[in-house]
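The values are calculated or read from the model by the stated rules, or taken from the named source; none is laboratory data. Treat the numbers as computed from the prediction; the structure is a model and nothing was measured. Note that we place each Cβ from the backbone using ideal geometry, even for glycine, and neighbour counts take in every protein chain shown.
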Amino acid sequence: MKTTGKRSIFLFFFLLAFIGGLCFFLFEYVTDGGQWAMQPYNAHLSGTSTVANGTVTDRNGLTLLKTQNGKRSYNDDERVRLSTLHLIGDTEGNISTGIQNAFKTELTGYNMVTGLADIKAAKQGGSIRLTVDSDLNKLAYQKLNGRKGAAVLTNWKTGEILCMVSTPTFDPANPPSDVKKNSQYSGAFVNKVLSGQMTPGSIFKILTTAAAIQNIPDLDSRTFHCNGSITVDGSPIICTNREAHGTMNFQRALADSCNVTFAKLAIEMGKDKMTAAVNSLGLNEPFSIDGLISAKGNYNVSNASNNQLGWSGVGQYTDQVSPAYMVRLLGAIANGGAPEELRLIKSVSGDLASPGKYGTARVGRAMMTSEVAQRLQKYLRGDVATAYGDDMFNGVKQVCAKTGTGELGGEHNNNGWLVGFSADESTPYAFAVVVENTENYGSQSAGPIATALLSAAVARGEK
């Protein structure tokens, strides 16, 4: 009996290990099967090259990537290659959100069921036309000027992404041998527009404002007073340089980015109302851009003290956002509460393509009511009119914006942000720009980049 019992136990654990191994294999197959199949040493299994003919172009037809007879080639302009790396991806598949990796079915015909077996000699690979303008990407890359950060520009009426740049970057046609070891390239495999999780600083006050609109009926009739700091739970919450803003209305508090006012508002509303409002705005959940999953942000005050809750309303504590989330939120504000879902692919064609799968505008679920959207638009327009000045945006009309300086602590300096949109329907652009580890404020670091992108988009008449 003892022997039978031992054998039963052994069989049970053996079966458990087998099932666990099978589950792990299936998971790896689903997530990495494409990369296995695309390895050159597997070509004999399908009787053909693992890299079918295909192209990726920008919105204007400029070739960014071309594959012919199993050989990849990139655009001749090094600046184009550098500025579109995170769009196109690298040949080794380290950038999971790159087109080469994420859209292998459209480019090569690989799928999870048949592998590469459907590829026939007569078939050509797909042609993917992106919504991105490579000239705008080059401009953003140039303006980042070697600094780490990210820039994204969209058409909020159509959801098309017109510019998407992440740095640091490298040349995919001539990848450096030390790219995985050299700190200069730290973060180069991450598309920060989609996957960045960054301290927002004062751009988060847009979310706190939305919460206040929903929960404080007399917001616009109130006055707020700031002496430069307040003490909560024995610790200070201070405005930048302890600037005393004096007595002001809410519009002025937002335009002056008064930390004291927004900390007080977050504490007054409390954890539950702040969390409910932020959740309704979609910060704590991922979203999809043509099948690419954008990382969710973070707002969690469940264990926060009142002091920490106050800082969370300012955009500090453990708050995190991505540029893609911010530009989607701003698109929702511009569009009356519901965003046009962001799109990266304008069209897909060729023998291996799925007709009609991409290239169609689609309205997402409402992130806020039309009333909240209208009031946010009014406040953000007031920021520009009363604080930044329209001259900051080189004549682009009706710009609504918010700067932010996310303090990272220690020797890491700040994240400098500028986010916003033009409410003029003839120039329907939304933008989010962040410069990491900068000593400057968002208006100084991210501001010139956003302004240059807006001006260039208007000049090019991008729609």
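Numerical summary
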read-out: Residue match in segment 377-385 (condition: within 30 Å of G126 (Cβ to Cβ) and crowded, with 18+ Cβ neighbours inside 10 Å); value: no
read-out: All positions within segment 204-237 that are of a type in the set (S, T, Y) and closer than 24 Å to L329 by Cβ; value: T208, T209
read-out: Among residues of segment 64-93, those that are at pLDDT 95 or above and over 21 Å from F189 (Cβ atoms), counted; value: 2
read-out: Options V132, V152: the member that is buried (at least 24 other Cβ atoms within 10 Å of the Cβ) and either in contact with a Pro (Cβ under 7 Å, 6 or more places away or on another chain) or over 24 Å from L454 (Cβ atoms) (or both); value: V152
read-out: Pair list, Cβ < 6 Å and 6+ apart or interchain, from segment 256-270 residues that are within 18 Å of D218 (Cα to Cα) to residues that are of a type in the set (K, R); value: F262/K205
read-out: Residue ID - surrounded by the fewest Cβ atoms within 10 Å (Cβ to Cβ), chosen from residues in segment 56-83 that are among the aliphatic types (A, V, I, L, M) and touching a residue at least 40 places away in the same chain (Cβ under 8 Å); value: L62
read-out: Qualifying residue in segment 389-398 (condition: at pLDDT 95 or above, over 22 Å from S322 (Cβ atoms) and outside any helix (DSSP H, G or I)); value: yes
read-out: Positions within segment 296-340 being touching a residue at least 60 places away in the same chain (Cβ under 8 Å), surrounded by fewer than 20 Cβ atoms within 10 Å (Cβ to Cβ) and outside any helix (DSSP H, G or I), in sequence order; value: N298, S305
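Results for (1) in contact with a strand residue (DSSP E or B) (Cβ under 8 Å, 6 or more places away or on another chain); (2) assigned to a helix (DSSP H, G or I); (3) of a type in the set (A, V, I, L, M, F, W, C), shown as yes or no for each residue.
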site	(1), (2), (3)
L136	yes, yes, yes
Q142	no, yes, no
K157	yes, no, no
P175	no, no, no
K180	no, no, no
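To keep it simple, each residue is scored yes or no on (1) touching a strand residue (DSSP E or B) at 6+ places or on another chain (Cβ under 7 Å); (2) surrounded by 15 or more Cβ atoms within 10 Å (Cβ to Cβ); (3) not in a helix (DSSP H, G or I).
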position: N241; (1), (2), (3): no, no, no
position: A244; (1), (2), (3): yes, no, yes
position: T247; (1), (2), (3): yes, no, yes
position: Q251; (1), (2), (3): no, yes, no
position: L254; (1), (2), (3): no, yes, no
position: T261; (1), (2), (3): yes, yes, no
position: M269; (1), (2), (3): no, yes, no
position: K273; (1), (2), (3): no, yes, no
position: E285; (1), (2), (3): no, no, yes
